[in-house]
Amino acid sequence: EAGVTQFPSHSVIEKGQTVTLRCDPISGHDNLYWYRRVMGKEIKFLLHFVKESKQDESGMPNNRFLAERTGGTYSTLKVQPAELEDSGVYFCASSQVTGGSGNTIYFGEGSWLTVV
Amino acid sequence: EDQVTQSPEALRLQEGESSSLNCSYTVSGLRGLFWYRQDPGKGPEFLFTLYSAGEEKEKERLKATLTKKESFLHITAPKPEDSATYLCAVHRNTGKLIFGQGTTLQVKP
């Protein structure tokens, strides 16, 4: 069974440019999450989809970040325009159930973003 | 405010030298505590979920335990391939994980 897949694995862009990250969750997982780790900090939550609906977007840093999950399958995270402080690794994760016992959250390998 | 603190930040062990990693947490409405392993350049790899105080889970040389305030990841007779960063995260019923900074373990042969 395929795990959570993310694309691109690495991206280097100039300040002011746009980058779109894609995540394909594990098949059948309704829950999809985006997390981010910036240099020297812990992994932090960005947002949570249940199917195509945004359940919680409290971690999105500002309106330069836009996440979508059309049709409740794959998701994209767009950063426009990118700033230097957006550099870091963006992780996508998915799970079958939202909370309680039996919920295992699986992570992808991450998309490493460098803004220069 | 929800908080997760891991200690130590870094740990160097000789092969075969057992030790424990600590994860202290304060969270309202804990629905589970997760342990992940992360290798350089990779994503977090799921190890365990613990749901209630007193619960223990084992996998090979790793054993995770949970109390009302902290969790321990015990590593028995570690091998060099156990070298990695170990992440602890608390899970709220909204689905959100709150991570600690991680403990970077190095096991020397």
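Key figures
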quantity: Count - residues of the range B:67-82 that are more than 18 Å from B:Gly16 (Cα to Cα) and open to solvent by less than 10 Å² (accessible area, probe 1.4 Å); calculated: 1
quantity: Failed item, numbered, when A:Gln55 is tested on (1) within 11 Å of chain B (Cβ to nearest Cβ); (2) open to solvent by less than 60 Å² (accessible area, probe 1.4 Å); (3) assigned to a strand (DSSP E or B); calculated: (2)
quantity: Count of residues meeting criterion [assigned to a strand (DSSP E or B) and either within 18 Å of B:Gly95 (Cβ to Cβ) or not basic (Lys, Arg) (or both)] in the range A:9-52; calculated: 22
quantity: Checking A:Ala82 against (1) within 9 Å of chain B (Cβ to nearest Cβ); (2) assigned to a loop (DSSP other than H, G, I, E, B); (3) open to solvent by less than 40 Å² (accessible area, probe 1.4 Å), the condition it does not meet; calculated: (1)
quantity: Considering residues of the range B:83-109 that are surrounded by fewer than 19 Cβ atoms within 10 Å (Cβ to Cβ) and among the charged types (D, E, K, R) only, the residue modelled with the lowest pLDDT; calculated: B:Arg92
quantity: Search result, residues across the range B:61-90 that are within 14 Å of chain A (Cβ to nearest Cβ) and among the hydroxyl-bearing types (Ser, Thr, Tyr); calculated: B:Thr85, B:Tyr86
quantity: Filter result (in a loop (DSSP other than H, G, I, E, B) and more than 10 Å from chain A (Cβ to nearest Cβ)) within the range B:9-38; calculated: B:Glu9, B:Glu15, B:Gly16, B:Glu17, B:Ser18, B:Val27, B:Ser28
quantity: Pairs with Cβ under 7 Å, 6+ apart, first in the range A:69-80 and free of Cβ contacts under 8 Å to residues at least 24 places away in the same chain and under 15 Å from A:Gln55 (Cα atoms), second in a strand (DSSP E or B) and open to solvent by less than 70 Å² (accessible area, probe 1.4 Å); calculated: none
quantity: Leading residue by the ranking (nearest to A:Ile26 (Cα to Cα)) among those in the range A:60-74 that are open to solvent by less than 60 Å² (accessible area, probe 1.4 Å) and modelled with pLDDT of 95 or more; calculated: A:Arg69
quantity: Hits in the range B:39-50 (condition: under 14 Å from the mean Cα position of the chain (by Cα) and either part of a strand (DSSP E or B) or more than 17 Å from B:Lys108 (Cα to Cα) (or both)); calculated: B:Pro44, B:Glu45, B:Phe46, B:Leu47, B:Phe48, B:Thr49, B:Leu50
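The values are calculated or read from the model by the stated rules, or taken from the named source; none is laboratory data. Keep in mind that what you see is a predicted model, and the values were worked out from it rather than measured. Cβ: placed from backbone, ideal geometry, glycine included. Neighbour counts: every protein chain shown. When the accessible area is computed, the model is the full protein with side chains, heavy atoms only, and any ligands, DNA or RNA have been set aside. Shrake-Rupley method; radii C 1.70, N 1.55, O 1.52, S 1.80 Å.
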